[in-house]
Amino acid sequence: MRMDFAEITRINGAFIESRILQTAVLLGIFDAVDDSATAEAVAARLDTDPRATGLLMNALVAMGLLLKHQGLFRLTPAAETYLRSDAPHSLTGLIRFDAALWEGWGHLPEAVRTGQPVRRPDMFQDQPQDTERFIRAMHSLVMARGDADIIVDSLELDGVERLLDIGSGPGTYPIRFCLKHPHLRATIFDLPGTLAVTRQFVDAAPCRDRIELVAGDFNRDPLPAGFGMAFLSNIIHGEDEDANQRLLRGVFAALQSGGRIVIKDHILDADLTSPAVGAIFSMQMLLFARGRDYGFDEVREWLQRAGFTSIGHRPLEPPLTSALVTAVKP
């Protein structure tokens, strides 16, 4: 990336476009446009100010998210795919969640001064509405980007009878794994508040009879045991170094001999600066959690200390921004 005046000013003002997009999703602009509509018609549907709505929609045209011709607005193909709340690959759940973090980002200087998160790092368990927004955001991202389909094609699951998904959230991955592999049974281990939301996704799945939900906190409670594979997607970046070492020791105990662990996460280089998405995401973890994104050398050391062997690292192809770290229990 060439860093010059134009790029610095783009970075400085990037929050403006983010907030415009979040506001449009929160207000329901993309749902209200339909095939074509005037700004006045959209404002009437949403009970917003017509002049302000027109300004917002013009900005969305300038950002490439709406089209405008002779005063009529239409969705772009990308908006039709990702920004309607009822679209199969809708990203609106993630956008709504990110919008809820808006105030927290304003306290970043404080977090850097103190080294402490700006809210209690409880994985959004305090209020049921916060929990549901967070879990649906995770489902939204995975469905919009296609993570589950990519990962299920990347893992050898034919010889695995029982899979443990730790911190599964909406259960998107184990549902997809079970749909592809009829022999597979999955156990989801997650916090009680999260599982109240997970249950909605699992109950709607054709493979629901092969998915078990077990409530617990992996920072306090032992994991269930006897599994051929343990899957941890975007878990370690939410925890600090000590917690991750304890967690991986627990996973080792939960696996059968010959069982595998699969960690999907942003995995950084030795300098902890690349891939850029991981280094930048660490700032969000500083604000709202206990962790950060970790380098492969760090994760490998934790796995070795826990007793794992045959440790591997494989970056995933775009549009995914993460990698898989795998290891075996001898």
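Observations
- One residue alone among D190, D153 is in the same structural domain as R260 (by TED's automatic domain parsing) and more than 25 Å from N244 (Cα to Cα), and that residue is D153.
- Among the residues of the stretch 121-152, those that are under 17 Å from the mean Cα position of the chain (by Cα), assigned to a loop (DSSP other than H, G, I, E, B) and not charged (D, E, K, R) comprise P121, M123, F124, Q125, G146.
- Single unsatisfied condition, R199 versus (1) assigned to a helix (DSSP H, G or I); (2) touching a strand residue (DSSP E or B) at 6+ places or on another chain (Cβ under 9 Å); (3) crowded, with 20+ Cβ neighbours inside 10 Å: (3)
- Counted residues, the stretch 104-120 - those being at pLDDT below 95 and over 24 Å from the mean Cα position of the chain (by Cα): 0
- Subset of the stretch 284-323 [more than 30 Å from E110 (Cα to Cα), touching a Phe, Trp or Tyr at 6+ places or on another chain (Cβ under 8 Å) and of a type outside the set (G, A, S)]: F308, H313
- Single residue of the stretch 170-190 satisfying the filter (in contact with a strand residue (DSSP E or B) (Cβ under 7 Å, 6 or more places away or on another chain) and part of a loop (DSSP other than H, G, I, E, B)) that is surrounded by the fewest Cβ atoms within 10 Å (Cβ to Cβ): L184
- Every residue from the stretch 121-135 that is surrounded by fewer than 21 Cβ atoms within 10 Å (Cβ to Cβ) and free of Cβ contacts under 8 Å to residues at least 12 places away in the same chain: D122, D126, Q127, Q129
- With respect to the conditions (1) in contact with a strand residue (DSSP E or B) (Cβ under 6 Å, 6 or more places away or on another chain); (2) part of a loop (DSSP other than H, G, I, E, B); (3) of a type outside the set (S, T, Y), V214 lacks only one, and its number is (2).
- Breaking point among (1) surrounded by 18 or more Cβ atoms within 10 Å (Cβ to Cβ); (2) over 17 Å from V202 (Cα atoms), for M138: (2)
- Every listed requirement among (1) outside any helix (DSSP H, G or I); (2) touching a His at 6+ places or on another chain (Cβ under 8 Å) is met by H237 save one, (1).
- Number of the condition not met by A205 [criteria: (1) assigned to a loop (DSSP other than H, G, I, E, B); (2) exposed (fewer than 15 other Cβ atoms within 10 Å of the Cβ)]: (2)
- Reported count of residues in the stretch 209-247, each being over 18 Å from the mean Cα position of the chain (by Cα), within 26 Å of I150 (Cα to Cα) and surrounded by 15 or more Cβ atoms within 10 Å (Cβ to Cβ), is 10.
- On inspection, F124 passes the criterion of being out of contact with any Gly (no Cβ under 8 Å at 6 or more places or on another chain) and closer than 19 Å to G238 by Cα.
- In summary, helices (runs of 4 or more DSSP H) completely within the stretch 1-120 and bearing 3 or more residues that are crowded, with 16+ Cβ neighbours inside 10 Å occur at 5-27, 29-32, 39-46, 50-62, 92-100.
- Residue within the stretch 312-321 that is of a type in the set (S, T, Y), in contact with an Asp or Glu (Cβ under 6 Å, 6 or more places away or on another chain) and not in a strand (DSSP E or B) present: no
The values are calculated or read from the model by the stated rules, or taken from the named source; none is laboratory data. Quick caveat: nothing in here was measured; it's all calculated off a predicted structure. Counting neighbours? That spans all protein chains shown, and the Cβs are built from the backbone with ideal geometry, glycine included.
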